[in-house]
Amino acid sequence: MHSHLYRVPDPFRNQVVVVVGTSLSGQDISMELLNVAKEIHLSSKSLPVSEGLSKVISKHDNLHLHPTIESLHEDGGVVFVDGSWLTADTIIYCTGYSYSFPYLDTKGIVAIDDDRVGPLYEHTFPPNLAPSLSFIGIPSKIIAYPFIQSQAIWIAQLLSGKRSLPSRDEMMKSVQDFYQSREATGIPKHYTHEIADFEYCDKFGDNVGFPCIEQWRKDLCLSAYMNSHVNLETYQDSYNDEELLQVAHQSPHFTLFEAEAFPSL
(Lines give C-alpha, C1' and ligand atoms only; values in the text may rest on other atoms or scores of the structure.)
Protein backbone atom coordinates (compact mmCIF):
# COMPACT_ATOMS: atom_id res chain seq x y z
CA MET A 1 0.00 0.00 0.00
CA HIS A 2 1.01 3.63 -0.46
CA SER A 3 1.17 5.92 2.53
CA HIS A 4 -1.72 8.00 1.20
CA LEU A 5 -3.99 5.08 2.14
CA TYR A 6 -2.71 4.95 5.72
CA ARG A 7 -5.06 6.28 8.38
CA VAL A 8 -4.53 4.62 11.79
CA PRO A 9 -2.03 2.08 13.19
CA ASP A 10 -4.52 -0.47 14.59
CA PRO A 11 -4.85 -2.61 11.41
CA PHE A 12 -1.13 -3.41 11.66
CA ARG A 13 -1.24 -4.81 15.19
CA ASN A 14 1.27 -7.64 15.72
CA GLN A 15 2.35 -7.45 12.08
CA VAL A 16 5.81 -7.32 10.54
CA VAL A 17 5.72 -4.10 8.53
CA VAL A 18 8.26 -2.84 6.01
CA VAL A 19 8.18 0.94 5.57
CA VAL A 20 9.88 2.05 2.36
CA GLY A 21 11.24 5.57 2.67
CA THR A 22 12.53 7.55 5.64
CA SER A 23 11.31 11.03 4.82
CA LEU A 24 8.41 12.73 6.64
CA SER A 25 5.61 10.23 6.05
CA GLY A 26 7.87 7.22 6.56
CA GLN A 27 9.11 8.56 9.87
CA ASP A 28 5.66 9.60 11.12
CA ILE A 29 4.04 6.28 10.24
CA SER A 30 6.89 4.35 11.86
CA MET A 31 6.43 6.35 15.06
CA GLU A 32 2.73 5.47 15.13
CA LEU A 33 3.43 1.78 14.55
CA LEU A 34 6.01 1.44 17.33
CA ASN A 35 3.55 0.38 20.04
CA VAL A 36 1.32 -1.64 17.71
CA ALA A 37 3.35 -3.62 15.16
CA LYS A 38 5.47 -6.61 16.06
CA GLU A 39 8.36 -5.32 13.96
CA ILE A 40 8.92 -2.25 11.79
CA HIS A 41 11.65 -2.44 9.16
CA LEU A 42 12.64 0.85 7.56
CA SER A 43 14.15 0.71 4.09
CA SER A 44 16.18 3.82 3.25
CA LYS A 45 18.07 4.80 0.10
CA SER A 46 19.91 7.46 2.10
CA LEU A 47 22.25 6.25 4.81
CA PRO A 48 23.04 7.33 7.46
CA VAL A 49 19.64 8.63 8.57
CA SER A 50 18.86 11.70 10.68
CA GLU A 51 19.97 12.04 14.28
CA GLY A 52 16.37 11.89 15.48
CA LEU A 53 15.63 8.65 13.64
CA SER A 54 18.88 7.12 14.86
CA LYS A 55 17.86 7.90 18.44
CA VAL A 56 14.51 6.18 18.01
CA ILE A 57 16.05 3.10 16.38
CA SER A 58 18.52 2.71 19.24
CA LYS A 59 15.70 3.03 21.78
CA HIS A 60 13.17 0.57 20.33
CA ASP A 61 14.01 -3.10 19.77
CA ASN A 62 11.23 -3.56 17.22
CA LEU A 63 12.45 -0.82 14.85
CA HIS A 64 15.14 -1.80 12.35
CA LEU A 65 16.95 0.01 9.53
CA HIS A 66 17.80 -1.54 6.16
CA PRO A 67 19.16 -0.36 2.81
CA THR A 68 17.02 -0.45 -0.33
CA ILE A 69 14.99 -3.48 -1.39
CA GLU A 70 16.43 -5.79 -4.03
CA SER A 71 13.42 -8.06 -4.58
CA LEU A 72 9.95 -8.98 -3.31
CA HIS A 73 8.47 -12.48 -3.32
CA GLU A 74 4.94 -13.88 -3.42
CA ASP A 75 5.26 -15.47 0.03
CA GLY A 76 5.93 -12.04 1.58
CA GLY A 77 9.69 -12.35 1.40
CA VAL A 78 11.61 -9.10 1.23
CA VAL A 79 15.29 -9.21 0.22
CA PHE A 80 17.48 -6.15 0.75
CA VAL A 81 20.54 -5.22 -1.29
CA ASP A 82 22.87 -6.18 1.57
CA GLY A 83 21.58 -9.77 1.44
CA SER A 84 19.43 -9.59 4.57
CA TRP A 85 15.83 -10.72 4.26
CA LEU A 86 12.57 -11.12 6.17
CA THR A 87 8.95 -12.13 5.67
CA ALA A 88 6.55 -9.19 5.88
CA ASP A 89 2.82 -8.96 6.44
CA THR A 90 2.57 -5.45 4.96
CA ILE A 91 4.74 -3.10 2.92
CA ILE A 92 3.96 0.63 3.14
CA TYR A 93 5.49 2.76 0.40
CA CYS A 94 6.33 6.21 1.73
CA THR A 95 8.01 7.18 -1.50
CA GLY A 96 6.32 10.43 -2.34
CA TYR A 97 4.03 11.24 -5.24
CA SER A 98 4.31 11.48 -9.00
CA TYR A 99 2.62 14.06 -11.19
CA SER A 100 -0.07 12.76 -13.54
CA PHE A 101 -2.66 14.55 -15.64
CA PRO A 102 -4.51 11.78 -17.53
CA TYR A 103 -7.43 14.12 -18.26
CA LEU A 104 -5.26 16.76 -19.94
CA ASP A 105 -4.22 16.51 -23.58
CA THR A 106 -1.88 19.31 -24.61
CA LYS A 107 -0.61 17.52 -27.74
CA GLY A 108 2.79 17.20 -26.10
CA ILE A 109 3.16 20.91 -25.33
CA VAL A 110 3.27 20.11 -21.60
CA ALA A 111 4.99 16.85 -20.69
CA ILE A 112 6.08 15.01 -17.56
CA ASP A 113 9.66 13.74 -17.61
CA ASP A 114 10.98 12.17 -14.40
CA ASP A 115 8.50 14.28 -12.38
CA ARG A 116 9.46 17.48 -14.19
CA VAL A 117 6.25 19.09 -15.44
CA GLY A 118 7.18 21.39 -18.21
CA PRO A 119 8.03 23.65 -19.58
CA LEU A 120 6.38 25.85 -16.93
CA TYR A 121 7.25 29.49 -16.40
CA GLU A 122 7.56 30.02 -12.64
CA HIS A 123 6.24 26.46 -12.14
CA THR A 124 2.83 27.75 -13.23
CA PHE A 125 2.47 28.82 -16.87
CA PRO A 126 3.27 26.78 -20.01
CA PRO A 127 4.71 29.46 -22.32
CA ASN A 128 2.86 28.18 -25.40
CA LEU A 129 -0.54 27.99 -23.69
CA ALA A 130 -0.50 30.71 -21.03
CA PRO A 131 -2.52 32.28 -19.63
CA SER A 132 -5.41 30.09 -20.78
CA LEU A 133 -3.78 27.09 -19.11
CA SER A 134 -1.99 27.25 -15.77
CA PHE A 135 -0.99 24.89 -12.98
CA ILE A 136 -1.53 25.54 -9.27
CA GLY A 137 0.27 23.64 -6.53
CA ILE A 138 3.08 21.98 -8.49
CA PRO A 139 6.00 23.10 -6.25
CA SER A 140 6.86 21.26 -3.04
CA LYS A 141 8.92 22.02 0.06
CA ILE A 142 7.35 25.45 0.45
CA ILE A 143 4.95 27.05 2.92
CA ALA A 144 2.17 25.90 0.66
CA TYR A 145 -0.94 27.96 1.29
CA PRO A 146 0.50 31.48 0.95
CA PHE A 147 2.34 30.38 -2.20
CA ILE A 148 -0.76 28.79 -3.72
CA GLN A 149 -2.80 31.87 -2.86
CA SER A 150 -0.30 34.08 -4.67
CA GLN A 151 -0.47 31.72 -7.68
CA ALA A 152 -4.26 32.00 -7.74
CA ILE A 153 -4.15 35.80 -7.53
CA TRP A 154 -1.63 36.02 -10.38
CA ILE A 155 -3.74 33.76 -12.60
CA ALA A 156 -6.92 35.74 -11.82
CA GLN A 157 -5.17 39.03 -12.62
CA LEU A 158 -3.92 37.65 -15.94
CA LEU A 159 -7.31 36.30 -16.97
CA SER A 160 -8.99 39.57 -16.05
CA GLY A 161 -6.47 41.58 -18.05
CA LYS A 162 -5.03 43.41 -15.04
CA ARG A 163 -1.55 42.00 -15.65
CA SER A 164 0.34 40.46 -18.52
CA LEU A 165 3.04 37.82 -18.84
CA PRO A 166 6.41 38.23 -20.57
CA SER A 167 6.60 37.12 -24.19
CA ARG A 168 6.64 33.43 -25.04
CA ASP A 169 10.36 33.55 -25.84
CA GLU A 170 11.18 35.35 -22.60
CA MET A 171 9.24 32.80 -20.56
CA MET A 172 10.89 29.90 -22.37
CA LYS A 173 14.34 31.38 -21.76
CA SER A 174 13.51 31.80 -18.08
CA VAL A 175 12.53 28.12 -17.87
CA GLN A 176 15.72 26.98 -19.59
CA ASP A 177 17.86 29.22 -17.37
CA PHE A 178 16.19 27.69 -14.33
CA TYR A 179 16.82 24.15 -15.56
CA GLN A 180 20.47 24.96 -16.21
CA SER A 181 20.93 26.53 -12.79
CA ARG A 182 19.54 23.40 -11.12
CA GLU A 183 21.76 21.14 -13.18
CA ALA A 184 24.82 23.26 -12.40
CA THR A 185 24.24 22.74 -8.67
CA GLY A 186 23.78 18.99 -9.11
CA ILE A 187 20.04 18.84 -8.47
CA PRO A 188 18.49 15.93 -10.42
CA LYS A 189 15.61 16.53 -12.81
CA HIS A 190 13.36 14.54 -10.47
CA TYR A 191 13.56 17.40 -7.95
CA THR A 192 12.82 20.24 -10.39
CA HIS A 193 9.83 21.44 -8.39
CA GLU A 194 11.32 21.10 -4.90
CA ILE A 195 11.81 24.75 -3.97
CA ALA A 196 12.90 24.86 -0.30
CA ASP A 197 13.65 28.56 -0.69
CA PHE A 198 11.77 31.31 1.15
CA GLU A 199 13.38 33.96 -1.05
CA TYR A 200 11.89 32.40 -4.18
CA CYS A 201 8.43 32.37 -2.59
CA ASP A 202 8.75 36.04 -1.68
CA LYS A 203 9.89 36.97 -5.20
CA PHE A 204 6.98 34.99 -6.64
CA GLY A 205 4.57 37.00 -4.48
CA ASP A 206 6.12 40.22 -5.78
CA ASN A 207 4.63 39.43 -9.19
CA VAL A 208 1.17 40.19 -7.81
CA GLY A 209 1.89 42.41 -4.83
CA PHE A 210 1.36 39.52 -2.44
CA PRO A 211 2.96 40.17 0.97
CA CYS A 212 6.17 38.35 1.80
CA ILE A 213 6.00 35.45 4.20
CA GLU A 214 6.38 36.84 7.71
CA GLN A 215 9.72 36.22 9.38
CA TRP A 216 8.06 34.53 12.35
CA ARG A 217 6.43 32.04 10.01
CA LYS A 218 9.76 31.25 8.34
CA ASP A 219 11.46 30.90 11.73
CA LEU A 220 8.74 28.58 13.05
CA CYS A 221 8.99 26.44 9.93
CA LEU A 222 12.75 26.09 10.25
CA SER A 223 12.55 25.51 14.00
CA ALA A 224 10.01 22.71 13.60
CA TYR A 225 12.11 21.09 10.89
CA MET A 226 15.31 21.21 12.92
CA ASN A 227 13.51 19.95 16.02
CA SER A 228 12.11 16.98 14.10
CA HIS A 229 15.55 16.24 12.71
CA VAL A 230 17.03 15.94 16.21
CA ASN A 231 14.05 14.94 18.38
CA LEU A 232 11.86 12.86 16.10
CA GLU A 233 9.91 11.15 18.85
CA THR A 234 9.01 14.28 20.82
CA TYR A 235 9.09 17.27 18.45
CA GLN A 236 5.31 17.42 17.97
CA ASP A 237 4.71 17.85 21.71
CA SER A 238 7.89 19.51 22.96
CA TYR A 239 9.34 22.70 21.51
CA ASN A 240 11.02 25.94 22.57
CA ASP A 241 9.31 28.46 20.32
CA GLU A 242 7.39 30.49 22.90
CA GLU A 243 8.90 33.82 21.83
CA LEU A 244 8.12 33.14 18.16
CA LEU A 245 4.57 32.13 19.07
CA GLN A 246 4.09 35.38 20.96
CA VAL A 247 5.14 37.30 17.85
CA ALA A 248 2.80 35.19 15.73
CA HIS A 249 -0.15 35.82 18.05
CA GLN A 250 0.30 39.57 17.54
CA SER A 251 0.02 39.24 13.76
CA PRO A 252 -3.18 40.12 11.88
CA HIS A 253 -3.81 36.41 11.28
CA PHE A 254 -4.62 36.04 14.96
CA THR A 255 -5.74 39.52 16.03
CA LEU A 256 -8.30 39.79 13.22
CA PHE A 257 -9.59 36.31 13.98
CA GLU A 258 -10.06 37.19 17.65
CA ALA A 259 -11.88 40.40 16.77
CA GLU A 260 -14.28 38.55 14.48
CA ALA A 261 -14.77 35.65 16.88
CA PHE A 262 -15.40 37.82 19.92
CA PRO A 263 -16.91 41.11 18.67
CA SER A 264 -18.39 41.98 22.07
CA LEU A 265 -14.98 41.83 23.70
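The values are calculated or read from the model by the stated rules, or taken from the named source; none is laboratory data. On a predicted model such as this, the values are computed, not experimentally measured, just so you know. Every residue, glycine among them, receives a Cβ derived from its backbone with ideal geometry; neighbour counts consider all protein chains shown. SASA here: full protein model, heavy atoms, side chains in, ligands and nucleic acids out. Shrake-Rupley method; radii C 1.70, N 1.55, O 1.52, S 1.80 Å.
What to note about this one:
- D10 versus I136: modelled label distance in nm, points set 7 Å from Cα along the beta carbon direction: 3.6 nm
- Segment 128-265 - percent relative contact order, Cα under 8 Å, separation 6 or more: 22 percent
- Residues with amide H under 5 Å from that of L63, placed H, sequence gap 5 or more: I40
- The K38 and Y225 beta-carbon pair, evaluated with R₀ = 45 Å, returns a calculated FRET efficiency of approximately 0.90.
- Gyration tensor verdict on segment 111-165 (Cα atoms; rounded if a/c is under 1.5, prolate if a/b is larger than b/c, oblate otherwise): oblate
- Gyration tensor verdict on segment 111-207 (Cα atoms; rounded if a/c is under 1.5, prolate if a/b is larger than b/c, oblate otherwise): oblate
- q = 0.12, 0.13, 0.26 Å⁻¹, segment 1-87: log10 I(q)/I(0) [Debye, one scatterer per Cα]: -0.33, -0.39, -1.53
- Taking each residue as 0.36 nm, the span from I143 to E199 lengthens on full extension beyond its C-alpha to C-alpha distance by 19.0 nm.
- For V81 and E51, the difference between the fully extended length at 0.36 nm per residue and the C-alpha to C-alpha distance is 8.5 nm.
- Here the accessible area of segment 3-93 is 51 percent carbon and sulfur, with a 1.4 angstrom probe and all protein chains present.
- Shape metrics for segment 215-256, restricted to C-alpha atoms - Rg then Dmax, Å: 11.4, 35
- Unsatisfied cross-links (Cα-Cα over 26 Å) in the set K45/K203; K173/K218; K107/K189; K45/K141; K59/K141: K45/K203; K173/K218; K59/K141
- Phi-based couplings in Hz for segment 25-41 (Karplus 6.51, -1.76, 1.60; Gly and Pro marked x): 5, x, 5, 5, 5, 4, 4, 5, 7, 3, 9, 10, 6, 5, 9, 10, 10
- The string of couplings for segment 228-241 from the Karplus curve (6.51, -1.76, 1.60, θ = phi - 60°) is 5, 5, 9, 10, 4, 7, 10, 5, 6, 10, 10, 8, 10, 10 Hz, one whole number per residue in order, with x for Gly and Pro.
- Extended-chain gain in nm, criterion 0.36 nm per residue less alpha-carbon gap, S164 and H249: 26.9 nm
- The chain: projected area of the alpha-carbon convex hull, averaged over directions, in nm²: 19.4 nm²
- From phi via Karplus (6.51, -1.76, 1.60), per-residue ³J(HN,Hα) for segment 112-123 in Hz, x at Gly/Pro: 10, 10, 6, 6, 9, 8, x, x, 10, 6, 6, 6
- Accessible surface computed residue by residue for the chain, with neighbouring protein chains in place and a 1.4 Å probe, gives 60 Å² per residue.
- Contact order relative to length of the chain, as percent, for alpha carbon pairs under 8 angstrom and 6 or more apart: 15 percent
- Within the accessible area of segment 215-256 (1.4 Å probe), percent carbon and sulfur: 55 percent
- Distant-in-sequence amide H partners of H2 (H built 1.01 Å from N, under 5 Å): Y93
- For a paramagnetic label modelled on H73 (point 7 Å from Cα along Cα→Cβ), amide N atoms under 19 Å away belong, within segment 1-21, to 16-19.
- Environment charge of Y6, counting only residues whose C-beta is closer than 11 Å and scoring Lys/Arg +1, Asp/Glu -1: -1
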